[in-house]
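The values are calculated or read from the model by the stated rules, or taken from the named source; none is laboratory data. Everything numeric in this text was worked out from a predicted model, so none of it was measured. Positions of Cβ are backbone-derived with ideal geometry, glycine not excepted, and every protein chain shown enters the neighbour counts. Just the protein is used for accessible areas: all its heavy atoms, side chains included, with ligands, DNA and RNA removed. Shrake-Rupley method; radii C 1.70, N 1.55, O 1.52, S 1.80 Å.
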Amino acid sequence: MHPDVEKILLSKEAIDEIVDRMAAQINEDYAGKTLLCVGILKGSCVFMMDLIRRLTDVDVEIDFMVASSYGSSAQSSGDVKIKKDLSRDIEGIDVLIVEDILDTGNTLTKLMGVLRDRKPASLELAVFLEKDLGIERAIKAKYLGGICPDEFVVGYGLDYNEKYRQLPYLGTLKREIYS
Ligand code: PRP
């Protein structure tokens, strides 16, 4: 285990099971169809690559967006900016947004609104984790991996100060690392 990690919340094996389950649902729902999977960089990249390799019954295409809502602060500002947009038009296309974590939901509420206005045939959301904030969000993920505690979680694409994304498990950080 990485020395900065306090506790492993999801082992690699547990993550594999979750992604298997999510992929099975998506394979069933989009069997034989073309699906554009849109990853929201950077956090989603590890999850997205694991997910699409399991979408054996779907014609998968991929694209990416970059959004920023945090600026230099650790708190979501609610002011979401698109820093990199899709490289294609999505009118009439089945689109699945792939994201690592739903925190306040500000980022995805904004992005889903922007993409919906472009008239895709369908627009759904696959989120690996939702933070347990005890709040009602404006958006819900059709495909959800699990709920995680409201702590600094890292690994499996998730970072703290851009580090720990490569860890193959999901863990909490030791308090002295972030305080
Ligand atoms: C994280 C995460 C989501 C967003 C969720 O991204 O990947 O995009 O925050 O927060 P919200 O629900 O409160 O909007 P971050 O801005 O940290 O960038 P990263 O993906 O590059 O780590």
- Query: Taking the Cβ of D159 as the center, what net charge do the other residues with Cβ under 10 Å away carry, scoring Lys and Arg +1 and Asp and Glu -1?
  - Reply: +1
- Task: Within segment 3-93, list the trypsin sites (Lys or Arg not before Pro) lying in a DSSP loop whose Cβ has at most 15 other Cβ atoms in a 10 Å radius.
- Result: K33, K42, R53, R88
- Query: Put +1 on the Cβ of each Lys and Arg and -1 on the Cβ of each Asp and Glu in segment 13-152; which of L123, G146, M48 then has its Cα farthest toward the positive end of the dipole?
  - Reply: L123
- Query: Roughly how many debye, to the nearest 20, is the charge dipole of the chain about its Cα centre, given +1 on each Lys and Arg Cβ, -1 on each Asp and Glu Cβ, and no other charges?
  - Reply: 400
- For segment 13-152, with every protein chain kept in place, what is the accessible area per residue (1.4 Å probe, Å²)? 49
- Tell me, what is the percent relative contact order of segment 13-152, built from C-alpha pairs under 8 Å that lie six or more residues apart? 22
- Task: Quick one: grab the alpha carbon gyration tensor of segment 76-179, order the square roots of its eigenvalues as a ≥ b ≥ c, and give me rounded if a/c is under 1.5, else prolate or oblate depending on whether a/b is larger than b/c.
- Result: prolate
- Note on the structure: Expressed in µm² per second, the diffusion coefficient of the chain from the Stokes-Einstein equation, with Rh the Kirkwood radius over alpha carbon pairs, at 20 °C and 1.002 mPa s, is 128
- Relative to the compact globular guide of 2.2 N^0.38 Å, what is the alpha carbon radius of gyration of segment 80-130, as a ratio? 1.13
- Message: Roughly how far apart, in whole Å, are the Cα centres of segment 75-123 and segment 6-58?
- Response: 18
- Message: If you restrict to DSSP beta bridges whose two residues both lie in the chain, what percentage is antiparallel, to the nearest 5?
- Response: 30
- Query: Between D57 and I177, what length comes free when the chain is fully extended (0.36 nm per residue of separation minus the Cα-Cα distance, one decimal in nm)?
  - Reply: 38.9 nm
- Name the chymotrypsin sites (Phe, Trp or Tyr not before Pro) in segment 125-163 that are in a loop by DSSP and that have at most 10 other C-beta atoms within 10 Å, would you? none
- Task: Hand me the GluC sites (Glu not before Pro) from segment 100-179 located in a DSSP loop with no more than 10 other Cβ atoms within 10 Å, in residue order please.
- Result: E136, E162
- Message: Using a 1.4 Å probe on the protein heavy atoms, what percent of the accessible area of the chain belongs to carbon and sulfur?
- Response: 48
- Contour minus end-to-end for S122 and E13, with contour as 0.36 nm per residue of separation and end-to-end as the Cα-Cα distance? 36.1 nm
- Amide H proximity to I62 below 5 Å, modelled H, separation 5+ or other chain, gives C37
- Task: Quick one, could you list the DSSP H helices from the chain stretching 18 Å or more along their long axis (Cα atoms) with average Kyte-Doolittle hydropathy of -1.0 or above?
- Result: 12-29
